[in-house]
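The values are calculated or read from the model by the stated rules, or taken from the named source; none is laboratory data. Given the structure is predicted, the values throughout are model-derived calculations rather than measurements. For neighbour counting, all protein chains shown are included, and Cβ atoms are generated from backbone atoms with ideal geometry for every residue, glycine included.
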Ligand code: SAH
């Protein structure tokens, strides 16, 4: 515990650790060191963001995907998935309801779907932008070319979520087919930054074959990339994927990593994810108490939700957006936090985020 405390204090002071120190700290996580870490993580979070919780409305607009990631339930070779795409009108009506419910950021997430060309997406983005000028539009649509990202940015999307999944190249190769690589994934993130997007990245905790050395590399990479948002959640197996019999990531390690990220990048946006809420009923509350400051309730139409299952037992499949919003508010109030109606910008700005396009 002495070493753990020393390393946590060092992290709080210097905002960084060496790879070996990260490994020691992650390997030694236990209830005592977690309690010590979370108290500091909460303090830092309160200094910058008070007791406010930002919310983002998640719109899962397509489950078509041309990729075949070994962990993901909507991978192209899962024949059980009933594929769908939302029309522009359906996406806009999700935004309308979301606006009414107090959302000021819409996250359009989907598989990598060629149907959504730059032209189609730009049209949708411009339309949302026009209808809701006080809202931020976030895309989470995977890897595209520099030119494509640039077009979407010009159309009015300001934010982009693209988890790096794991920084280690060999580990990345065990989670993905050969056409995908850590190098390409990371290059996309640097492209997004260069264009001027506010960038979110992140990884799964407890993904198959992950070691604490991989997590240490993830921390070093996050420090270097310095993104505006970092989304992490436990890996959860999906029954119709090659990883169906792998173990899920744990609540304890996920929370510990959230606390560490808060200490390393004090101003970063940190969501308490749906996957955390899936492995534990009060997982999202615990995420907030470990230093997270964002929640992402689902705004997708109820009839499509069962077809957007990245992992098994995903929560809220039968709740409509109003229920999800209310449930989240109650959960946050119970632990003394408050959901706010605003765009919820990151305070973790970076000179590299100045757009040159
Ligand atoms: N196609 C987009 C969106 C992917 S889904 C993209 O490539 O970015 C969003 C995130 O869900 C993924 O980045 C991954 O980290 C997470 N995810 C996918 N399958 C999962 C699983 N089985 N358990 C937990 N998280 C998963």
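So is residue 7 surrounded by 13 or more Cβ atoms within 10 Å (Cβ to Cβ) and either under 24 Å from the mean Cα position of the chain (by Cα) or closer than 23 Å to residue 236 by Cβ (or both) or not? Walk me through how you get there before you give the answer.
Working: surrounded by 13 or more Cβ atoms within 10 Å (Cβ to Cβ): yes; either under 24 Å from the mean Cα position of the chain (by Cα) or closer than 23 Å to residue 236 by Cβ (or both): no.
No: the conditions fail for residue 7.
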So, in region 328-357, of the ones that are within 20 Å of the chain's Cα centre (by Cα) and in a helix (DSSP H, G or I), which residue ends up modelled with the lowest pLDDT?
353
Can you tell me which condition residue 29 does not meet? The list is (1) assigned to a loop (DSSP other than H, G, I, E, B); (2) surrounded by fewer than 20 Cβ atoms within 10 Å (Cβ to Cβ), and all the others hold.
(2)
Find the residue count for region 168-208, including only residues that are within 14 Å of the ligand (Cβ to nearest atom), farther than 21 Å from residue 260 by Cβ, outside any helix (DSSP H, G or I) and touching a helix residue (DSSP H, G or I) at 6+ places or on another chain (Cβ under 9 Å).
5
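Just a yes or no: is a residue in region 151-160 part of a helix (DSSP H, G or I), in contact (Cβ under 8 Å) with a residue 40 or more places away in the chain, surrounded by 20 or more Cβ atoms within 10 Å (Cβ to Cβ) and more than 15 Å from the ligand (Cβ to nearest atom)? Give the steps one after another, and end with the answer.
As a first pass, look at region 151-160 and keep what is part of a helix (DSSP H, G or I): 151-155.
Applying the additional criterion that residues be in contact (Cβ under 8 Å) with a residue 40 or more places away in the chain yields 153-154.
Keeping just the survivors that are surrounded by 20 or more Cβ atoms within 10 Å (Cβ to Cβ) gives 153.
Remaining after also requiring more than 15 Å from the ligand (Cβ to nearest atom): 153.
Yes, because at least one residue in region 151-160 is part of a helix (DSSP H, G or I), in contact (Cβ under 8 Å) with a residue 40 or more places away in the chain, surrounded by 20 or more Cβ atoms within 10 Å (Cβ to Cβ) and more than 15 Å from the ligand (Cβ to nearest atom).
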Among residues of region 223-237 being in a loop (DSSP other than H, G, I, E, B) and surrounded by fewer than 22 Cβ atoms within 10 Å (Cβ to Cβ), the residue nearest to the ligand (Cβ to nearest atom) is 237
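Would you mind stating whether residue 218 is touching a strand residue (DSSP E or B) at 6+ places or on another chain (Cβ under 6 Å) and not in a strand (DSSP E or B)?
On the way: touching a strand residue (DSSP E or B) at 6+ places or on another chain (Cβ under 6 Å): yes; not in a strand (DSSP E or B): yes.
Spelling it out, residue 218 is indeed touching a strand residue (DSSP E or B) at 6+ places or on another chain (Cβ under 6 Å) and not in a strand (DSSP E or B).
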Do we have residue 256 as more than 11 Å from the ligand (Cβ to nearest atom) and under 18 Å from the mean Cα position of the chain (by Cα) here?
yes
Please go through region 123-150 and pick out each residue that is without any contact (Cβ under 8 Å) to a residue 40 or more places away in the chain, assigned to a helix (DSSP H, G or I) and within 16 Å of the ligand (Cβ to nearest atom).
148
